[in-house]
Amino acid sequence: MEWYKLKCCGLKDSKIKKAMDLVETYDEFINFSDEKLKAEKFTEEEIKIIKTSIDDKNYLEEIEKLKKQDIKLISLKDKKYPELLKNIASPPLFLYYKGNIDILTDKTFAIVGTRRSTKYGRAFIENIIYDFVENGITIVSGFAQGIDITVHREVLKYGGNTAVVLPCGLDKIYPWEHRKEWKIICERGVILTEFPLGTEPYKYNFPLRNRIIGGLARGVLVVESGEKGGSLITANLAFEENRDIFALPGDITYPNSVGCNNLIKDNKAKLVKDASDILIEYDWNEKEIRKLDSNLNTEENIVYQQLTTAMTVDELNLYTKIGCGKILSILTSLELKNLVMAVSGGRYKRKV
């Protein structure tokens, strides 16, 4: 934690990173002579900052604030620092966190998506999360409305490990309406950020946050995305770091599927229809993967699950957003499988 003294004294991150690259510990670095520091391209002003960091009062005050809020701090040189994140092009020098950072292992995967999620996307998440939890995988996401919070809630429902990455300081519960989940994740998972106390969720912080989401994970799954958006930024940043990208395909006429379909079209993402497509990729399927009901594909399962009562095609489309033409095709397939039957009024219902 002593490396943090340099930040509290006002030394630029680029120079702190340079110091970390030179030696393993702060004590080793602080004992460099002025001549040695000058030889390493530190200016006289920077050398003054470095030498005064030993007894810096700002550091002591900052550490006390963190302790009062039960926030822990680690540096890039710490053994607890997540190994996957350490290997990206620009890893955060310091991470602030609440909870158990030890859950961020090699078996960590990210799931992100639009804030304007639909029944289609949410139902897909509900179908796959159980298998991730059963196989001991930590799921990372961004805590936002829509897909992100659905991911966190589903993981918590099954007692799994989930991690939140924030675009602000940990003294800000963001978004506020998720404060119930915040409390639970602090106790059972981990919430982390690279931003110090007092930092607001400024717009320019989100891409920085997104690189951490992708950096913590072996791969990233995008579930519903428009042509532009934060989830695509996360995917593209992760792609640049040679992480695997996966995407849930959708109706080509539906705005929420444009981003995912484009990722697949551009060969940046692998198409995903269920949890096995990801678990087998990493040999993570240690426990038998739960099959979709009656061996249905994802869209068939979504329509079948929606038919808790007799519904018309228009009603099914209202909830699933799959498209009326596609739903008719799906219903025909379900009828052939003897799972669904047509009833009066143009409605369909389950047979089993």
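Here are the numbers for the structure shown:
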quantity	calculated
In sequence order, calculated HN-Hα J values of the stretch 130-145 (Karplus, 6.51, -1.76, 1.60; Hz; x Gly/Pro)	3, 5, 5, 5, 4, 9, x, 9, 7, 9, 9, 7, x, 6, 6, 4
Karplus (6.51, -1.76, 1.60) ³J(HN,Hα), θ = phi - 60°, over the stretch 98-104, in Hz, Gly and Pro reported as x	10, x, 10, 6, 5, 6, 7
Cα-based radius of gyration of the stretch 185-229 once divided by 2.2 N^0.38 Å, which approximates compact folds	1.38
FRET efficiency for Ser14 and Glu187, using Cβ-Cβ distance with R0 set to 45 Å, rounded to 0.05	0.80
Whole-Å semi-axes of the stretch 83-240's equivalent ellipsoid (Cα gyration tensor)	20, 17, 16
Estimated translational D of the stretch 191-266 in µm²/s (Stokes, Kirkwood radius over Cα pairs; 4 °C; 1.567 mPa s)	99
Globularity index of the stretch 140-223, i.e. its alpha-carbon radius of gyration over 2.2 N^0.38 Å	1.01
Ellipsoid equivalent to the chain - semi-axes via the Cα gyration tensor, in Å	47, 18, 17
Mean Cβ count within 10 Å, highest first, over the residues of peptides 57-70, 229-242, 131-144, 321-334	131-144, 229-242, 321-334, 57-70
Residue-by-residue Karplus 3J(HN,Hα) for the stretch 50-61, coefficients 6.51, -1.76, 1.60, Hz, glycine and proline x	4, 5, 8, 5, 4, 10, 6, 6, 4, 5, 4, 5
Rg [Å, one decimal], Dmax [Å, integer] - the stretch 79-129, C-alpha atoms	15.0, 41
Quotient of Cα Rg and 2.2 N^0.38 Å for the stretch 202-352, N being how many residues it contains	1.22
Share antiparallel - DSSP beta bridges, the chain, percent rounded to 5	40
Pairs of alpha carbons in the stretch 264-352 whose separation is greater than 18 Å (percent)	51
Three-way shape call for the stretch 35-98 based on the alpha-carbon gyration tensor, with the a/c threshold at 1.5	oblate
For peptides 29-38, 165-174, sequence by mean Cβ density within 10 Å, most packed first	165-174, 29-38
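Only the coordinates and a few stated rules stand behind these numbers; no lab work does. As the structure is a computational prediction, the values presented were derived from the model and not from experiment. Cβ atoms come from the backbone with ideal geometry, glycine included; neighbour counts cover every protein chain shown.
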